[in-house]
Amino acid sequence: MSSLSEDDPLRMTIEPYTAEHRDAVVQLSLRAWAPVFASLQSALEPAISQVLFSDWRASQRQAVEAVCDDEDAHVWVAIVGGEPVGFVAVKLHAAEKIGEVYMIAVDPAAQRRGVGAALMAFATDWMREAGMLVAMVATGGDPGHAPARRAYEKLGFAPLPLAQYYKRL
């Protein structure tokens, strides 16, 4: 377990994910990602957005459940007041010595209070201890992902610009 400093008003701990966290982790993820998916939907033309994001809640629920069940993923949960307020999932690419923050979410009610930074620090410390030489995290270039990009850059991550294009068929 890890916790923030004594003077932290959140009194947060980070603990390994268990099945009892499942519903709370899924629900906080959907709340956290709602504005992101709204941004993604507005960034693309409606015909493409409809195909890609029409049922984003169901696909994200499945994605969160899948990573939590994945034997190759390492998942931790941020707990405040006995309740999950965030989670991080890490995958190791051992041959390349790269640790990947595969998925991270913080409940909107706990955002901008250090939860995401604490989860990222915990994950990168764990990657280092696991022998990884590089930490990686990916996010979107749309306005909805701007807070994530700022947070990662503040934590010392350097962006590699990529372009991803879509065309309705």
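The values are calculated or read from the model by the stated rules, or taken from the named source; none is laboratory data. Bear in mind the structure is a predicted one, so any value in this text is a computation, not a measurement. FYI the Cβ positions are ideal-geometry reconstructions off the backbone, even for glycines, and counts take in every protein chain you see. Surface accessibility is based on the protein's heavy atoms, side chains included, excluding ligands, DNA and RNA. Shrake-Rupley method; radii C 1.70, N 1.55, O 1.52, S 1.80 Å.
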Conditions (1) under 21 Å from Leu160 (Cβ atoms); (2) among the charged types (D, E, K, R); (3) in contact (Cβ under 8 Å) with a residue 40 or more places away in the chain; number of the one not met by Glu100: (3)
Can you name every residue in the stretch 89-109 that is more than 8 Å from the chain's Cα centre (by Cα), under 12 Å from Ser29 (Cα atoms) and crowded, with 17+ Cβ neighbours inside 10 Å? Asp107
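For the stretch 8-27, does any single residue satisfy the condition of being charged (D, E, K, R), outside any loop (DSSP other than H, G, I, E, B), in contact with a helix residue (DSSP H, G or I) (Cβ under 7 Å, 6 or more places away or on another chain) and modelled with pLDDT of 90 or more?
If we filter the stretch 8-27 for residues that are charged (D, E, K, R), which is where we start, we get 8, 11, 15, 20, 22-23.
Going one step further and asking which of them are outside any loop (DSSP other than H, G, I, E, B), we end up with 15, 20, 22-23.
Within this subset, residues satisfying the condition of being in contact with a helix residue (DSSP H, G or I) (Cβ under 7 Å, 6 or more places away or on another chain) are 22.
Adding the requirement that they be modelled with pLDDT of 90 or more leaves 22.
Within the stretch 8-27 (the criterion being charged (D, E, K, R), outside any loop (DSSP other than H, G, I, E, B), in contact with a helix residue (DSSP H, G or I) (Cβ under 7 Å, 6 or more places away or on another chain) and modelled with pLDDT of 90 or more), the answer is yes, since at least one residue qualifies.
Can you say whether Gly86 is at pLDDT below 95, closer than 12 Å to Met12 by Cβ and either of a type in the set (D, E, K, R) or under 15 Å from the mean Cα position of the chain (by Cα) (or both), as far as the supplied structure shows?
Numbers: at pLDDT below 95: no; closer than 12 Å to Met12 by Cβ: yes; either of a type in the set (D, E, K, R) or under 15 Å from the mean Cα position of the chain (by Cα) (or both): yes.
In short, no.
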Applying the selection to the stretch 122-146, what residues are modelled with pLDDT of 95 or more and in contact with a helix residue (DSSP H, G or I) (Cβ under 7 Å, 6 or more places away or on another chain)? Ala135, Val137
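When the stretch 41-62 is examined, which residues are found to be under 14 Å from Met103 (Cβ atoms) and crowded, with 17+ Cβ neighbours inside 10 Å? If you could, list the steps in order and put the result at the bottom.
Going residue by residue through the stretch 41-62, those that are under 14 Å from Met103 (Cβ atoms) are 59-62.
Result: Gln60, single match.
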So, in the stretch 13-40, exactly how many residues are within 21 Å of Phe122 (Cα to Cα), out of contact with any Lys or Arg (no Cβ under 9 Å at 6 or more places or on another chain), open to solvent by less than 60 Å² (accessible area, probe 1.4 Å) and not hydroxyl-bearing (Ser, Thr, Tyr)? 7
